[in-house]
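The structure appears right after this line, and notes come after that.
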Amino acid sequence: MEIYEAIGQEALIGILSHIFFIAITFYALQAFILEKIFKKNKVFQIQLIYILISIAIGSAVSNFFLQISNWSGKLPYLF
């Protein structure tokens with residue numbers, strides 16, 4: 001049963017990490033003025049772009065940190 005608990009904890013950490021970094025990315029993207037790039041009165045499309053860019057960047061950053069964490073946990077096997 002211990003292996004299932006470890007797998008569940010890893011899944012939970014992954015989900016929380018992705019949500020955290022997507023939220024941070026969404027917050028950071030608010031500093032950009034993307035409205036000037038888009039046509040006027042296209043509010044929904046602008047919001048959709050913000051969400052999609054946030055998911056793409058946030059997931060990439062989260063994967064980076066999860067992989068670094070995973071690799072650093074395996075370093076003791078080197079010696």
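The values are calculated or read from the model by the stated rules, or taken from the named source; none is laboratory data. Here the structure is a predicted model, which means the values were calculated and not measured. A quick note on method: Cβ atoms are made from the backbone with ideal geometry, for glycine too, and the neighbour counts reach across all protein chains shown. Note: accessible area is taken over every heavy atom of the protein model, side chains too, but ligands, DNA and RNA are not part of it. Shrake-Rupley method; radii C 1.70, N 1.55, O 1.52, S 1.80 Å.
Tally time: how many residues in segment 1-34 are closer than 22 Å to Gly73 by Cα and among the hydroxyl-bearing types (Ser, Thr, Tyr)?
The total comes to 2.
Within segment 50-69, is there a residue that is over 30 Å from Ile7 (Cα atoms) and either of a type outside the set (A, V, I, L, M, F, W, C) or without any contact (Cβ under 8 Å) to a residue 40 or more places away in the chain (or both)?
Within segment 50-69, one or more residues are over 30 Å from Ile7 (Cα atoms) and either of a type outside the set (A, V, I, L, M, F, W, C) or without any contact (Cβ under 8 Å) to a residue 40 or more places away in the chain (or both).
Step by step: first the residues of segment 44-76, then only those that are aliphatic (A, V, I, L, M) and open to solvent by 90 Å² or more (accessible area, probe 1.4 Å), then the one that is nearest to the chain's Cα centre (by Cα). Which residue is that?
Per the stated criteria, the residue is Leu52.
I need a count of the residues in segment 1-23 that are surrounded by 10 or more Cβ atoms within 10 Å (Cβ to Cβ) and of a type in the set (Ser, Thr, Tyr).
Qualifying residue count for the region: 1.
I'd like to verify a number: residues in segment 25-48 that are at pLDDT 90 or above and touching a helix residue (DSSP H, G or I) at 6+ places or on another chain (Cβ under 7 Å), how many?
The qualifying residues number 3.
Take segment 28-43 and flag every residue that is over 18 Å from the mean Cα position of the chain (by Cα) and assigned to a helix (DSSP H, G or I).
Hits for segment 28-43 are Leu34, Glu35, Lys36, Val43.
Somewhere in segment 24-43, is a residue touching a residue at least 40 places away in the same chain (Cβ under 8 Å) and either charged (D, E, K, R) or open to solvent by 70 Å² or more (accessible area, probe 1.4 Å) (or both)?
Scanning segment 24-43, I find no residue that is touching a residue at least 40 places away in the same chain (Cβ under 8 Å) and either charged (D, E, K, R) or open to solvent by 70 Å² or more (accessible area, probe 1.4 Å) (or both), so the answer is no.
List, please: which pairs have Cβ atoms under 7 Å, are six or more places apart or on different chains, and start with a residue in segment 3-14 that is closer than 14 Å to Asn70 by Cα and part of a helix (DSSP H, G or I) and end with one that is open to solvent by less than 100 Å² (accessible area, probe 1.4 Å) and among the basic types (Lys, Arg)?
Between residues of segment 3-14 that are closer than 14 Å to Asn70 by Cα and part of a helix (DSSP H, G or I) and residues that are open to solvent by less than 100 Å² (accessible area, probe 1.4 Å) and among the basic types (Lys, Arg), there is no close pair.
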